[in-house]
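The values are calculated or read from the model by the stated rules, or taken from the named source; none is laboratory data. Just so you know, these numbers come straight off a predicted model, no measurement behind them. Neighbour counts are summed over all protein chains in view; Cβ atoms, including those assigned to glycine, are modelled from backbone coordinates with ideal geometry.
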Amino acid sequence: MAKRTTVFIPFLIVCFLAVSNQSFAATPMRILYPSFSGSWAATWVAKEAGYLSAEGLDVELIRVGGSTRMVAAMLGGSAPIIQAGAVAAIAATAAGSDVVIVGATGNVSSFHLMVRPDIKQPSDLKGQKAGITTFGSTSDQMIRIALKKFNLEPNRDVALLSLGAQPEVFAALHSGAVEVAALTYPLYLQAAKLGMRELVNFSALGVEDVTGTVITTRSFIAQQRDTVLRFLRGYVRGAHRYHTDKEFSKQVLKKYGKITDDEIAEGTWQDYAPTILRVPRPSEKGLQAAIESVFKGKTPLPKPEIFVSWQRQSVMLTAT
């Protein structure tokens, strides 16, 4: 009997360890993001600092150019959570999907309208070409806001060309394939260093936006609400670390933003750090602007809350 017990106890220990390892196995998850912009850095920092791992998530970060393309990829099952432009999420919901916004990094537009050196004033844009990532993206929205401000009509006075992603838009502006583009850091600063001129700083205009938008589907929340909350906890800690630890964040920006110039890394950090939200709740005014962009000329406009899932538990996820 003693011999049987001696054999049985190690067997139980092995079984217990196997079950324990299974219980604590990290949940694999793909997160898509659209560009090298610092708008998405909260998630990059969260991964590099180990905050997502601490929540039991094994996250793979994948860049997919163009917000509308990313929303389609999410709906196709490529990833349960993405970071993309709010306009693309709202357009997808308007088309009948269950896409929903669950968080944001900031509420101030991070875009700058950059033009080639020969464009001296807004009227010079007439008859020219503007580069956007995809139709329905935030860059598309920003270009349209600027053209409206200059009394120019999109696709009549200025042709809009869909180029796929910000690096492609930047390359087209640099080569002269387009004369105007809406860019964010670090590509905005790289464009300036190459002689491009800033025509509009959207944040200086007071243009509210929903930046660094975290997007999922209502069906995923219903099935795996705890996973969504765990991601948001890691995400908020990443945003807090980005805001408070410049040197660490600059290294992360260099890695994911493909930045080799310390001045550009510094400028990117400086551009985003002051506006990062402590509570990642999207701006109602920014959402309203996005809704107006999607539902042009339609009345009554849908309410912002239709496109957002904001629960009390999420509000309590602030970093300390």
Point to revise | Test: residue in region 256-264 that is basic (Lys, Arg) and modelled with pLDDT of 95 or more | key: no
Check your understanding: Do we find that Ile215 is touching a strand residue (DSSP E or B) at 6+ places or on another chain (Cβ under 9 Å) and either surrounded by 19 or more Cβ atoms within 10 Å (Cβ to Cβ) or part of a strand (DSSP E or B) (or both) in this structure?
Key -> yes
Revision key, fill the gap. Per the list (1) farther than 16 Å from Asp209 by Cα; (2) without any contact (Cβ under 8 Å) to a residue 60 or more places away in the chain, residue check on Trp269 breaks on (2)
Review point. Does region 137-149 include one or more residues that are more than 23 Å from Ile90 (Cα to Cα) and at pLDDT 85 or above?
Key: yes
Exercise for review: Would you mind stating whether Val87 is out of contact with any Phe, Trp or Tyr (no Cβ under 9 Å at 6 or more places or on another chain), modelled with pLDDT of 90 or more and crowded, with 24+ Cβ neighbours inside 10 Å?
Suggested key: no
Review point. For region 68-98, how many residues meet the condition of being within 19 Å of Gln224 (Cα to Cα) and assigned to a loop (DSSP other than H, G, I, E, B)?
Key: 7
Review point. In contact with a strand residue (DSSP E or B) (Cβ under 6 Å, 6 or more places away or on another chain), buried (at least 21 other Cβ atoms within 10 Å of the Cβ), more than 18 Å from Ser283 (Cβ to Cβ) and not hydroxyl-bearing (Ser, Thr, Tyr), is that true of Ile82?
Key: yes
Check your understanding: Of the residues that make up region 298-314, is at least one in the same structural domain as Ala54 (by TED's automatic domain parsing), within 21 Å of Leu183 (Cα to Cα) and among the charged types (D, E, K, R)?
Key -> no
Check your understanding: Can you tell me which of Leu205, Leu183 is at pLDDT below 95 and buried (at least 22 other Cβ atoms within 10 Å of the Cβ)?
Key -> Leu183
Review point. Can you pull out the residues in region 52-67 that are closer than 16 Å to Lys255 by Cβ and in a helix (DSSP H, G or I)?
Key: Leu52
Study note, to complete from the structure: If you go through Ala73, Ala54, Ala95, Ala49, the only one that is aliphatic (A, V, I, L, M), without any contact (Cβ under 8 Å) to a residue 40 or more places away in the chain and surrounded by fewer than 24 Cβ atoms within 10 Å (Cβ to Cβ) is Ala95
Check your understanding: Taking region 130-149 as the search range and keeping residues that are surrounded by fewer than 17 Cβ atoms within 10 Å (Cβ to Cβ) and touching a residue at least 24 places away in the same chain (Cβ under 8 Å), which one is nearest to Tyr33 (Cα to Cα)?
Key -> Phe135
Point to revise | Matching residues, region 95-130, being of a type outside the set (A, V, I, L, M, F, W, C) and more than 26 Å from the chain's Cα centre (by Cα) | key: Arg116, Pro117, Asp118, Lys120, Gln121, Pro122, Ser123, Asp124, Lys126, Gly127, Gln128
Review point. Does region 225-240 contain any residue that is free of Cβ contacts under 8 Å to residues at least 24 places away in the same chain, assigned by TED's automatic domain parsing to the domain that holds Trp44 and surrounded by fewer than 23 Cβ atoms within 10 Å (Cβ to Cβ)?
Key: yes
Revision key, fill the gap. Given (1) buried (at least 22 other Cβ atoms within 10 Å of the Cβ); (2) part of a loop (DSSP other than H, G, I, E, B); (3) touching a Gly at 6+ places or on another chain (Cβ under 6 Å), Pro117 misses just (1)
Point to revise | Contacts under 9 angstrom Cβ, first residue in region 170-196 being among the acidic types (Asp, Glu), partner crowded, with 24+ Cβ neighbours inside 10 Å and not in a helix (DSSP H, G or I), 6 or more apart | key: Glu179/Val115; Glu179/Ala130; Glu179/Gly131
